[in-house]
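Asks: Dropping a structure here in structure tokens format, bear with me for questions.
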Amino acid sequence: MGRPMSWKILIERGNLGFSSAHFITFDGTCEPLHGHNYGVRVEASGPLTPDSYVLDFVVLKNIVRELCKEWDHRFLLPLNNPHLRVTEHDTAWELEYDAENRYLLAKTAVVPLPVDNATAERLAERLAKRIVERLRERNQGQSLARLTVGIEETEMQTAFYTLDLSPPTASTAADEQDTETNVPAHGTS
Ligand SMILES: [Zn+2]
């Protein structure tokens, strides 16, 4: 049996993106709070459906737009950052890196994410997983082989994450069982 043939579709530019605030911790420092107009591109590849397309462009664009809207005009909070003390209050999130870097943010202005740092790489990973969840909910894209998300932070900086969706072999299935065990119980996007 030969290797299955593969096609690829790409959605990018237009209104695919979100404007959000974040900061990154790195090398023992914490960036000041700031924002980006993030651009999003999504590539999906795999065999053709019986109707000769990889995935309905409209379905994919709608899902990506919906997910971008959840992050738009909000602060992207990395819940699992080992250098940040994160406290959940009734109506606010309190973050403390050190005495000079402390924030109290209204919950309505925050998207809590189950990631260690709100880097473009992690945002691409998170978005890719959420897109696949939404596709599964709609029974779309079952035969996709790969989905890649690119998050453009500035015009010259884009990070990509690729999710391999081909059916796992018996040996890799066991390794992948607990990939998402760190997701906290409260509502995260
Ligand atoms: Zn930044």
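The values are calculated or read from the model by the stated rules, or taken from the named source; none is laboratory data. Keep in mind that what you see is a predicted model, and the values were worked out from it rather than measured. For neighbour counting, all protein chains shown are included, and Cβ atoms are generated from backbone atoms with ideal geometry for every residue, glycine included.
Asks: Return the total of residues in segment 82-102 being in a loop (DSSP other than H, G, I, E, B), within 23 Å of the chain's Cα centre (by Cα) and farther than 14 Å from PRO114 by Cα.
Replies: Residues in segment 82-102 being in a loop (DSSP other than H, G, I, E, B), within 23 Å of the chain's Cα centre (by Cα) and farther than 14 Å from PRO114 by Cα: 1 in total.
Asks: OK, next. Go through segment 143-157 and give me each residue that's within 13 Å of the ligand (Cβ to nearest atom) and not hydrophobic (A, V, I, L, M, F, W, C).
Replies: Matches in segment 143-157: GLU152, GLU153, THR154, GLN157.
Asks: Pairs only if they're at least six apart or on different chains, beta carbon under 7 angstrom, first in segment 31-48 and in a strand (DSSP E or B), second of a type in the set (Phe, Trp, Tyr) and within 16 Å of the ligand (Cβ to nearest atom); list them, first residue then second.
Replies: From residues that are in a strand (DSSP E or B), the pairs are HIS34/PHE23; TYR38/PHE18.
Asks: Follow-up question, since we're still on this one. Output the residues belonging to segment 53-70 that are exposed (fewer than 13 other Cβ atoms within 10 Å of the Cβ) and either modelled with pLDDT under 95 or under 20 Å from THR158 (Cα atoms) (or both).
Replies: Across segment 53-70, the qualifying residue is only LYS69.
Asks: Within segment 105-128, can you find the residues that are in contact with a Leu (Cβ under 8 Å, 6 or more places away or on another chain), more than 19 Å from THR154 (Cα to Cα) and of a type in the set (A, V, I, L, M, F, W, C)?
Replies: LEU105, VAL110, VAL111, LEU113, VAL115, ALA128
For (1) farther than 24 Å from ARG138 by Cα; (2) in contact with a helix residue (DSSP H, G or I) (Cβ under 8 Å, 6 or more places away or on another chain); (3) away from the ligand (no atom under 16 Å from the Cβ), each residue gets a yes or a no:
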| residue | (1), (2), (3) |
| --- | --- |
| SER19 | yes, no, no |
| THR29 | yes, no, no |
| ARG41 | no, no, yes |
| SER45 | no, no, yes |
| ASP51 | no, no, yes |
| PHE57 | no, no, yes |
| LEU60 | no, yes, yes |
